[in-house]
2 protein chains.
Amino acid sequence: MLASEALVPVSNGFPASALSPPRSQPTLAYDERGKPLTDAELPSLSAGKASCLMRSGQMTAQRYILSLLSHINQRDGHIQAWVFLDAKGAINQAKTLDELAPEQRGPLHGVPVGIKDIIAVKGMPTRYGSTIHDDDGPALADAAIVSILRSTGAIILGKTATTEFAATSRGGSCRNPRDLSRTPGGSSSGSAAAVADGHVPIAVGTQTGGSMIRPGSFTGTFALKPTWGALSTEGVGRFSISCDTLGFYTRNMDDLSLLSQIVRISPGSRNIPPPLRPSSCRVALIRSPMWPKAGPGTRGAWEQADRVLQQAGATVVHVELPNVFNRCYDWRETIVSSEARAAFLPRYLQAKEQLHSSIRKYVESKEYPSGEAVCEAYDCIGQLRNRWDKIAGEFDFVLTPSVPDEAPVGLEWTGSSAFCTLWTILHAPALNVPGLVGDSGLPIGLTVTGPRSADRSILEAGKFVGELFEDLQPAP
Amino acid sequence: MLASEALVPVSNGFPASALSPPRSQPTLAYDERGKPLTDAELPSLSAGKASCLMRSGQMTAQRYILSLLSHINQRDGHIQAWVFLDAKGAINQAKTLDELAPEQRGPLHGVPVGIKDIIAVKGMPTRYGSTIHDDDGPALADAAIVSILRSTGAIILGKTATTEFAATSRGGSCRNPRDLSRTPGGSSSGSAAAVADGHVPIAVGTQTGGSMIRPGSFTGTFALKPTWGALSTEGVGRFSISCDTLGFYTRNMDDLSLLSQIVRISPGSRNIPPPLRPSSCRVALIRSPMWPKAGPGTRGAWEQADRVLQQAGATVVHVELPNVFNRCYDWRETIVSSEARAAFLPRYLQAKEQLHSSIRKYVESKEYPSGEAVCEAYDCIGQLRNRWDKIAGEFDFVLTPSVPDEAPVGLEWTGSSAFCTLWTILHAPALNVPGLVGDSGLPIGLTVTGPRSADRSILEAGKFVGELFEDLQPAP
């Protein structure tokens, strides 16, 4: 119903004058069949393709950003992926980038990026999905990840919607582009929605439980949560220091590979894996202790994945985790509640009445775990990380569910992170691969994972799995 | 020689007009013998005593801050503990605090605090001891720890000197108040020096290797580095996420105990320990694998401590750590170099020519540890943390050296952190207790430590040890 309504124009800082009349420019960019790309086609370009066209002078950064801004202007009234959009600044940056000599152009030259609004961007406010920071001025410095992206020529376009401090599952007004009546998932709601809807080819999010993978699955995007510690979280709002991990959304695997090289996710990574050869490939399918929560969508996707992997010639092994992994969930809860207490104490003292009850509870709880219990949880999880590396290291990659099912109807609840938390606390890299669908025709992703620091291997695997899933789709 | 030179007035933002002529106010505050406190005596007050006088209306916050500012004005020309001082803002805050009704006054009502300049303070610049951030504007928000302190009535007076990103041992211009020809230690140089010299009763620093304990020992201050994770490092410059820990400097144990309650260091801590009874107290003396580095000052202090503990009736056990602890140093190096690479990549890409070669090396190093080596280091250290808790848990507390000897002569090198790194990577709480002296009559501290999360116990132990050391001093 909502989809049929007229889309409301974005009002948050978007200068309509910048788009009207559209700049007339010679069309130099071509698609793969040699046809000139129209402005309407630009929002579906990958970051790699777009930056290649811009680096080589076939497309100006201004043309690209204006086409994306026009697309956002048409779409974001109902998606509401953006909480702050610096259209004017982006156009100015594009102008500057267009003046750079070709040899000065970086790997993300002219590529606009969305940043989850718990991450500092110089000159933009950080609201954390909370009213506490309503009156704060713009940040004085970029978060580490933003600084890296900017140094490669990326244009930081704006801030994307998040749940409160990325720590609740209470949805905001951001909608799922695949079905506006449904949540895009959380807490990285706006980053996933913006990429899924073609607003930007890349967005940055974070995961403490399932905040990258879940929105990735719900919106049908690729989502990478690298090994914990691979990216500095300096300048990112804190929730749980042992779990908070930065990640990326893209619409294809090549962009994720490009990004992981740019941000140097794994300089000392396990040996660079050769491309996966399906016939000699060994895959572990791990349903995980959360399997009883899987609905028909995920169960169907699971069987389909099993089948196509086998058809491709892969050796598929169904692996059950040792029982001790069942205890991970409690240990994780202990660690997160202890670390969240430290993280939220300042804001609690500052304005507790403005915090969601679930956040207040971290500070107020009388059943606070003892110091011994917290240390025990750290140590037991530490041992399981090592054990996990050994289990996963026996295979080329591991496949496991991303979510219980398609995105739930409604915006109030951002969905369950049940299938994601294990890999987060184990510090393992996790990658949502979209391509399968549930009963309502909406996306169901599956997660490719592996041992810690095997990020390059899981990117290779993601490419392989992504192509298999793509072949399942009916031809357009 | 330098000590005899005329002290240069502070020029960084200090409004001379605010102090001259001094405000005349009725003197209501009294010392323990019932004598009115003179302005000159106020800089030696503890935070607890000062806030008590201000909460009860016996002293105004304005009188207190003006006396400290006057003291700083006389002293900081040569100490150079401060890189930014907001005297005007502090006086305004004091005025506001003086107008609060008694029941609105917090536990640190009117107490000025110094903040290491890698920690964000709203309205003040953050320079990180580097030229990279010279042009940054003032921070828009407080770091977590600053926000907590402010909420209890503390006045954030300014930013204190740090080595570059708290990650090098190259000294700056900050001097040791005990001997101006010597380093105050690093990287929390200014925080330790400011407290030692009576500029403020409390300062905040950080430790990744030995950056709290070492300056504590060199300047003769109490320095607490709590269990890792007890305090949120949101808003603090990143070096090594597994090691970076916030801490406090004070001139007495009571202030440290007060602070640890205020910031809720251990809400789920091991049971609140009863006051230590010397006759039934069991103490482990651990020289640690670094003992060969101990010079005559530390060796003398060590024997003295052993003797006075035994004289007090304590059971002193000399404990040698199992050999596997020798490997901690290499594992720590692997972890820190991996995490520092992620931390410094953004600034490297931004302005590598402005980074110290030791910081550049983290990013450039070709001998970068493999992902497997980093994971192995995490796991082995994780197991040793558990083993350490068991070893230390057999005793009421552990005593171990803080530093090799007195503060080295010269400002170029901030000294060795050899004796501190083990407890940092083990996440154990560590507390420098001053009171002993070396061959040149300068302070030698010893470290009280214990199992993770035993912060309350080591605070109790610090009080006990501190009193024993105090009794050794010749009567004034």
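In the list A:GLY371, A:GLY415, A:GLY393, which residue meets the criterion of being closer than 30 Å to A:ALA81 by Cβ and not aliphatic (A, V, I, L, M)?
A:GLY415
For the range B:389-421, how many residues meet the condition of being open to solvent by 10 Å² or more (accessible area, probe 1.4 Å) and either assigned by TED's automatic domain parsing to the domain that holds B:ALA167 or part of a strand (DSSP E or B) (or both)?
3
Rundown of residues vs (1) under 30 Å from B:GLY466 (Cβ atoms); (2) more than 13 Å from chain A (Cβ to nearest Cβ), yes/no style:
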residue	(1), (2)
B:GLN354	no, yes
B:ASP396	yes, yes
B:LEU399	yes, yes
B:ALA407	yes, yes
B:THR421	yes, yes
B:PRO429	yes, no
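For the range A:222-234, how many residues are under 8 Å from the mean Cα position of the chain (by Cα) and open to solvent by less than 10 Å² (accessible area, probe 1.4 Å)?
The number of residues fulfilling the criteria is 3.
Could you run through the range A:129-152 and say how many residues are more than 20 Å from the chain's Cα centre (by Cα), open to solvent by 20 Å² or more (accessible area, probe 1.4 Å) and facing chain B (nearest Cβ under 8 Å)?
So the answer is 6.
For the range A:60-119, what are the residues that are under 14 Å from A:LEU42 (Cα atoms) and β-branched (Val, Ile, Thr)?
Across the range A:60-119, the qualifying residues are A:THR60, A:ILE65, A:ILE72, A:VAL111.
Output yes when any residue across the range A:162-175 is under 23 Å from A:ILE65 (Cβ atoms), among the hydroxyl-bearing types (Ser, Thr, Tyr) and open to solvent by 10 Å² or more (accessible area, probe 1.4 Å), and no when none is.
no
Keeping to the range A:277-290, report how many residues are open to solvent by 10 Å² or more (accessible area, probe 1.4 Å) and more than 23 Å from the chain's Cα centre (by Cα).
The qualifying residues number 6.
More than 14 Å from chain A (Cβ to nearest Cβ) and crowded, with 24+ Cβ neighbours inside 10 Å: which single residue out of B:GLY210, B:GLY237 fits that description?
Being more than 14 Å from chain A (Cβ to nearest Cβ) and crowded, with 24+ Cβ neighbours inside 10 Å holds for just one of B:GLY210, B:GLY237, which is B:GLY210.
Residues checked against (1) surrounded by fewer than 24 Cβ atoms within 10 Å (Cβ to Cβ); (2) in contact with a strand residue (DSSP E or B) (Cβ under 7 Å, 6 or more places away or on another chain); (3) within 14 Å of chain B (Cβ to nearest Cβ):
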{"site": "A:GLN62", "(1), (2), (3)": "yes, no, no"}
{"site": "A:ARG75", "(1), (2), (3)": "yes, no, no"}
{"site": "A:ASP86", "(1), (2), (3)": "yes, yes, no"}
{"site": "A:GLY89", "(1), (2), (3)": "yes, no, no"}
{"site": "A:GLN93", "(1), (2), (3)": "yes, yes, no"}
{"site": "A:LEU100", "(1), (2), (3)": "yes, no, no"}
{"site": "A:GLU103", "(1), (2), (3)": "yes, no, no"}
{"site": "A:GLY110", "(1), (2), (3)": "no, yes, no"}
{"site": "A:ILE118", "(1), (2), (3)": "no, yes, yes"}
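Cβ-Cβ distance below 6 Å, separation of 6 or more or different chains: which pairs start in the range A:219-234 with a residue that is closer than 13 Å to A:VAL263 by Cβ and more than 8 Å from chain B (Cβ to nearest Cβ) and end on one that is part of a loop (DSSP other than H, G, I, E, B) and modelled with pLDDT under 95?
Pairs found: A:PRO226/A:ILE265.
Return a yes/no flag: does the range A:327-335 have any residue that is touching a residue at least 60 places away in the same chain (Cβ under 8 Å) and within 10 Å of chain B (Cβ to nearest Cβ).
Within the range A:327-335, one or more residues are touching a residue at least 60 places away in the same chain (Cβ under 8 Å) and within 10 Å of chain B (Cβ to nearest Cβ).
When the range B:351-372 is examined, which residues are found to be in a helix (DSSP H, G or I) and crowded, with 17+ Cβ neighbours inside 10 Å?
Within the range B:351-372, B:ILE359, B:TYR362, B:VAL363, B:GLY371, B:GLU372 qualify.
Looking only at the range B:251-260, decide whether some residue is open to solvent by 20 Å² or more (accessible area, probe 1.4 Å) and touching a strand residue (DSSP E or B) at 6+ places or on another chain (Cβ under 8 Å).
Within the range B:251-260, one or more residues are open to solvent by 20 Å² or more (accessible area, probe 1.4 Å) and touching a strand residue (DSSP E or B) at 6+ places or on another chain (Cβ under 8 Å).
Please count how many residues of the range B:375-388 are open to solvent by less than 40 Å² (accessible area, probe 1.4 Å) and touching an Asp or Glu at 6+ places or on another chain (Cβ under 9 Å).
The number of residues fulfilling the criteria is 5.
Looking at A:SER187, is it surrounded by 24 or more Cβ atoms within 10 Å (Cβ to Cβ) and within 21 Å of A:GLY123 (Cα to Cα)?
Answer is no for this residue.
If only one of B:VAL200, B:VAL195 is open to solvent by less than 10 Å² (accessible area, probe 1.4 Å), away from chain A (no Cβ under 14 Å) and part of a loop (DSSP other than H, G, I, E, B), which one is it?
Among B:VAL200, B:VAL195, only B:VAL200 is open to solvent by less than 10 Å² (accessible area, probe 1.4 Å), away from chain A (no Cβ under 14 Å) and part of a loop (DSSP other than H, G, I, E, B).
The values are calculated or read from the model by the stated rules, or taken from the named source; none is laboratory data. Bear in mind that the values here come from a model prediction, so they are computed numbers and not experimental data. Reconstructed Cβ throughout: ideal geometry from the backbone, glycine too, with neighbour counts over all protein chains shown. Heads up: the accessible areas ignore ligands, DNA and RNA and are worked out on the full protein's heavy atoms, side chains in. Shrake-Rupley method; radii C 1.70, N 1.55, O 1.52, S 1.80 Å.
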